[in-house]
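To start, the structure under review is shown below, and the notes come after it.
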There are 2 protein chains.
Amino acid sequence: MQHDITESMQLAATVMNRAQTAFLSFQHSTAQQRGALLEKIADLLEANRQTLVTIARQESHLSEARLNGELSRTTGQLKLFAQLLLEGSWVQASIDTALPDRTPLPRTDIRKMLRPKGPILVFGASNFPFAFSTLGGDTASALAAGCPVVIKAHPGHPNTSKAVFDVASEAISSLGLPPDILQHVSETGTQISIDLVQAKATAAVGFTGSFQAGTTLMQAAAHRTAPIEVFAEMSSTNPVVILSDLLNTAPEGTAQKLAASVALGVGQFCTNPGLIFMTKDAGLEAFQQAFIGALSSVPPSEMLHEAVLENYHNNLQIVLSQAGVDTLLASTDAGSDGLHASPSLARVTADSFIHNSALKTEVFGPFSLLVVARDQQELIEALRSLDGQLTASLFGTDRDLTDQQGLNPLLDILTGIAGRVIFNEVPTGVEVCHAMVHGGPFPATSSSSYSSVGTSAILRWVRPVCYQNLPDNLLPDALKNSNPLGIFRQINGNWTKNQL
Amino acid sequence: MQHDITESMQLAATVMNRAQTAFLSFQHSTAQQRGALLEKIADLLEANRQTLVTIARQESHLSEARLNGELSRTTGQLKLFAQLLLEGSWVQASIDTALPDRTPLPRTDIRKMLRPKGPILVFGASNFPFAFSTLGGDTASALAAGCPVVIKAHPGHPNTSKAVFDVASEAISSLGLPPDILQHVSETGTQISIDLVQAKATAAVGFTGSFQAGTTLMQAAAHRTAPIEVFAEMSSTNPVVILSDLLNTAPEGTAQKLAASVALGVGQFCTNPGLIFMTKDAGLEAFQQAFIGALSSVPPSEMLHEAVLENYHNNLQIVLSQAGVDTLLASTDAGSDGLHASPSLARVTADSFIHNSALKTEVFGPFSLLVVARDQQELIEALRSLDGQLTASLFGTDRDLTDQQGLNPLLDILTGIAGRVIFNEVPTGVEVCHAMVHGGPFPATSSSSYSSVGTSAILRWVRPVCYQNLPDNLLPDALKNSNPLGIFRQINGNWTKNQL
């Protein structure tokens, strides 16, 4: 078969092949070397903080305080991965020792551990120019795993992306590591994205963004000669359920807490609470009034860029125009400077909600839809009609929790659809830690088996490799008899730090 | 949109929805309950051994000794999963405790663990009527995870599948578990397979079989409204590399060892060594003669069924007819009873091999292709041209191993393409243990991140779920403060069995 090789395909092949060449040595780097790299990058980001925040401020319209916080989060997660590497047990080393006298057949020596997959393609996200972009969680976790990374810069903040990349390049160079373990592609458009996904040397893909872009990449990966995994974080409405006793006893406080989460960062978070469920209880009207009041007092703020505002308005109009939807608060910013948005709120009955998929689609921006059920049974039916989510939250009092018979089905449904189940806290504000799961069933992500935030994000870039009957000196350090890394290993089924 | 619901779609929806209903309670079963179930199934299989082996013997044409061995392997792996459940640490529990005084923001309590995904669809494999079919590794690992299983019986051994299923049903019933945690679909054909993959309630799929069938299922899953993972083990030629000193000092013994592996079970193993690489050294002719001699002495044996023999002959002819291929030993069984096959052997230069993809395709049956390179550099080039593999083996003497400069690139290539790297042992005979990896990059499997053999096979059926700020009494036992299961947990980054 003859294919026309376009310029874009050629570029994609060139950068991914360079990454493949860098992988030949980088896969053998020690945890100490990779830890030092992540620490060094974090230090240089810190040293360049003011410059980077200024560039990002111009491109993203996010506030200086927010960007400073995000940069701290970015350096924090780089350092957390360095800690993970130094502790070392994350490689899930497992050893089954030889049983030469076993009958009817002897058992040979079998050992396995997680090893890096190869060159990783990372797409920068529009809403987190630092923490989910060039040196965000995807890149940090892939470098930690020993995988070279090719960054496809987000067109919304190309200068920020390049400036951050330059900082990382300096760190790589100062430590004498292969320069091509990190490369930066600033070309824009769908075609170069698809060509990068389909380049032969690409081993896996990390993406945070829209449902449409994410599923386009998933299909491109599925149609490769050798399909690869795309770890895409795409779309979530983050349902919140408010239990009756709380709704009746603390309607205002609960509404204010949720309204603040809806408005936070002009609603530009993947974990924005876009659907709020409750039964038609005595506290409902007070809750609704307090919610309207809280959102009304939020001044219009700049969104990331014009297209984001336009999408907010368009998607909002689709929801507000559905049968049975009451608009409680309409964004009044149409015709402004094309950047400022203000919050919106609407209400619908669970009955109307259940069979209308248009109401289940994410509206990226400061909007939430109150879904009011006749009774507990209809509430459950409405929750059962939801797709996969990043988060699902439950708000209630101690008294609400005593009704185990009512509570358990709710908990089961929320656990079944979401990567993170939250009690009495808002879903925005994703902690970067070991136990975090920022993931969930489709369409929240492309694979519910992984998290894109926290140290377990590293698991996306590795695969288990088994070594059978290999001489000790040829084994990776993690699997050598003497356990030179001092890590926890599973030996004949039991976890221990012992040597053999 | 209006769709015509066919009978096949209706059947698929019915069984998968039943499995979903069973999941509502089965997901809350304890590790003890599931361990007892696996033990009970193993005991009943043992009690029915003679009957089951007799049925399988009639349908599969495998020898009684082989089927008895396979049944023991099947009961062994059920019991191994029971052990894994009782030890319990496999759920990867992780707890980050609250830091209320942290600045600038407090940290809340965050915990996560692996939880079952939901109903799993398992396809029986033709070549392992017990160990990779109805109650094989896929089913054992999915039930261990807490997932209901729907078995699509392999049409090659429908009675065996049903008899094994009946044994399992008896175990489920005797323990009072929901009957629909295991269902059996005996309808045949591609359409019902696709409809089962595409049924809404199906959470993931396990498959062992041909490349064509595996990729058909992968595409069906990718084109669902909500795509799911297909864990397909499909196609591998299991390259073997013989180093020079061994080839020159022990050509006959090495040839005999490999010939036995090629002929074992009439070559009907996923790990059959189908490609054997070496440089053109002094020992080559002796190796080749010994290989021909060993294979010639193997009597024709029955393959699984007529279609398998027919495919063996057809695929063999494709390889033998390629330019530069010398037939060293031709299967002489054409025109026999349509079941008996005898081994074949061929030879090709690495130069001819490198650019001919027809030579890299699996020939399922007792066949191997010797690939002879001019020198080490061409050998490496030939290995680099290989796709993903289940196994890659290296044979050598101590003296071969002293040449680290020659050895390391070889080890890197083999590690890069295979799930299991073997030294001085044949790839057939897959040990069921904790450290086994039966997996590898595409087309060996659909996802290199997992193994379908050994206890880590359970990881395919689970996803991490995070609980934020949940009261202790609402948490699963694995995450409760008191660590009632006594398992290893990651607490603030450190693995420990301590309670909080």
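The values are calculated or read from the model by the stated rules, or taken from the named source; none is laboratory data. All values reported here derive from a predicted model rather than from experimental measurement. A quick note on method: Cβ atoms are made from the backbone with ideal geometry, for glycine too, and the neighbour counts reach across all protein chains shown. We work out accessible area using only protein heavy atoms, side chains counted, and drop any ligands, DNA or RNA first. Shrake-Rupley method; radii C 1.70, N 1.55, O 1.52, S 1.80 Å.
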Open item on the list: With within 19 Å of A:PRO273 (Cβ to Cβ), crowded, with 21+ Cβ neighbours inside 10 Å and polar (S, T, N, Q) as the only criterion, which of A:SER385, A:SER368 stands out?
Closed with: A:SER368
TODO: Give the number of residues within the range B:360-379 that are hydrophobic (A, V, I, L, M, F, W, C), more than 30 Å from B:LEU339 (Cα to Cα) and out of contact with any helix residue (DSSP H, G or I) (no Cβ under 6 Å at 6 or more places or on another chain).
DONE: 2
Open item on the list: at pLDDT 95 or above, out of contact with any strand residue (DSSP E or B) (no Cβ under 9 Å at 6 or more places or on another chain) and of a type outside the set (Asp, Glu): which single residue out of B:THR249, B:THR279 fits that description?
Closed with: B:THR249
- [ ] Determine, yes or no, whether A:LYS152 is charged (D, E, K, R) and under 17 Å from the mean Cα position of the chain (by Cα).
- [x] yes
Task: Criterion (under 23 Å from the mean Cα position of the chain (by Cα), modelled with pLDDT of 95 or more, within 28 Å of A:ALA418 (Cα to Cα) and surrounded by 24 or more Cβ atoms within 10 Å (Cβ to Cβ)) met by exactly one of B:SER161, B:SER94, B:SER141 - done: B:SER141
TODO: Report yes if A:ARG489 is open to solvent by less than 30 Å² (accessible area, probe 1.4 Å), facing another protein chain (nearest Cβ under 7 Å) and touching a residue at least 40 places away in the same chain (Cβ under 8 Å), otherwise no.
DONE: no
Task: Neighbours by Cβ (under 9 Å, 6+ apart or cross-chain): first from the range A:59-81, on the phi > 0 side of the Ramachandran plot; second open to solvent by 40 Å² or more (accessible area, probe 1.4 Å) and part of a helix (DSSP H, G or I) - done: none
Task: Scope the range B:226-240; condition within 12 Å of another protein chain (Cβ to nearest Cβ), at pLDDT 95 or above and assigned to a loop (DSSP other than H, G, I, E, B); matching residues - done: B:ALA226, B:PRO227, B:ILE228, B:MET234
Open item on the list: So, in the range B:447-470, exactly how many residues are within 12 Å of the chain's Cα centre (by Cα) and either at the interface with chain A (Cβ under 7 Å from one of its Cβ atoms) or at pLDDT below 95 (or both)?
Closed with: 4
Task: Residue list for the range A:343-365, filter: over 13 Å from A:ASN272 (Cα atoms) and open to solvent by 10 Å² or more (accessible area, probe 1.4 Å) - done: A:ARG347, A:THR349, A:ASP351, A:SER352, A:ILE354, A:HIS355, A:ASN356, A:SER357, A:ALA358, A:LYS360
Task: Residues of the range B:301-322 satisfying the condition of being farther than 23 Å from B:HIS61 by Cβ and open to solvent by 80 Å² or more (accessible area, probe 1.4 Å) - done: B:ILE318, B:SER321
Open item on the list: What's the total number of residues in the range A:401-433 that are at pLDDT 95 or above, more than 9 Å from chain B (Cβ to nearest Cβ) and not in a loop (DSSP other than H, G, I, E, B)?
Closed with: 4
- [ ] State whether one or more residues within the range B:263-274 are small (Gly, Ala, Ser), farther than 17 Å from B:LEU62 by Cα, part of a helix (DSSP H, G or I) and at pLDDT 95 or above.
- [x] no
TODO: Determine whether A:LEU390 is modelled with pLDDT of 95 or more, touching a His at 6+ places or on another chain (Cβ under 7 Å), of a type in the set (A, V, I, L, M, F, W, C) and open to solvent by less than 10 Å² (accessible area, probe 1.4 Å).
DONE: yes
- [ ] State yes or no: is A:PRO106 in contact with a Ser or Thr (Cβ under 7 Å, 6 or more places away or on another chain), surrounded by fewer than 19 Cβ atoms within 10 Å (Cβ to Cβ) and on the phi < 0 side of the Ramachandran plot?
- [x] no
Task: Condition check for A:LEU246: over 21 Å from A:SER25 (Cα atoms) and open to solvent by 10 Å² or more (accessible area, probe 1.4 Å) - done: yes
Open item on the list: Looking at the structure I just gave you, is B:THR103 farther than 24 Å from B:ALA31 by Cα, in contact with a strand residue (DSSP E or B) (Cβ under 8 Å, 6 or more places away or on another chain) and of a type outside the set (A, V, I, L, M, F, W, C)?
Closed with: no
Task: In the range A:434-446, the residues that are over 14 Å from B:LYS112 (Cα atoms) and more than 8 Å from chain B (Cβ to nearest Cβ) - done: A:ALA444, A:THR445
Task: Given (1) assigned to a loop (DSSP other than H, G, I, E, B); (2) in contact with a helix residue (DSSP H, G or I) (Cβ under 9 Å, 6 or more places away or on another chain); (3) hydroxyl-bearing (Ser, Thr, Tyr), index of the condition B:THR332 fails - done: (2)
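Residues are listed down the side, and each one gets a yes or a no for (1) of a type in the set (Ser, Thr, Tyr); (2) over 22 Å from the mean Cα position of the chain (by Cα):
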site: A:SER29; (1), (2): yes, yes
site: A:ALA36; (1), (2): no, yes
site: A:LEU44; (1), (2): no, yes
site: A:LEU52; (1), (2): no, yes
site: A:ARG57; (1), (2): no, yes
site: A:SER60; (1), (2): yes, no
site: A:GLU64; (1), (2): no, yes
site: A:ASN68; (1), (2): no, no
site: A:THR75; (1), (2): yes, no
Task: Count of the range A:26-65 residues which are surrounded by fewer than 17 Cβ atoms within 10 Å (Cβ to Cβ), within 14 Å of chain B (Cβ to nearest Cβ) and not small (Gly, Ala, Ser) - done: 1
Task: Residue that is nearest to the chain's Cα centre (by Cα) [pool: residues in the range B:471-484 that are within 10 Å of chain A (Cβ to nearest Cβ) and open to solvent by 20 Å² or more (accessible area, probe 1.4 Å)] - done: B:PRO476
Open item on the list: Condition first: within 28 Å of B:GLN198 (Cβ to Cβ), in a helix (DSSP H, G or I) and either in contact (Cβ under 8 Å) with a residue 60 or more places away in the chain or among the small types (Gly, Ala, Ser) (or both). Now tell me which residues in the range B:16-33 satisfy that.
Closed with: B:MET16, B:ASN17, B:ARG18, B:ALA19, B:GLN20, B:THR21, B:ALA22, B:PHE23, B:SER25, B:PHE26
- [ ] With respect to B:LEU80, determine if the residue is at the interface with chain A (Cβ under 9 Å from one of its Cβ atoms) and within 23 Å of the chain's Cα centre (by Cα).
- [x] yes
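Of all residues being touching a helix residue (DSSP H, G or I) at 6+ places or on another chain (Cβ under 6 Å) and at the interface with another protein chain (Cβ under 9 Å from one of its Cβ atoms) in the range B:91-112, which is farthest from A:GLY439 (Cα to Cα)? Just the residue, please. First the steps, then the outcome.
Let us first name the residues in the range B:91-112 that are touching a helix residue (DSSP H, G or I) at 6+ places or on another chain (Cβ under 6 Å), namely B:91, B:93, B:111.
From what's left, at the interface with another protein chain (Cβ under 9 Å from one of its Cβ atoms): B:93, B:111.
Values: B:ALA93: 16, B:ARG111: 14 Å.
Taking the candidates together, the pick is B:ALA93.
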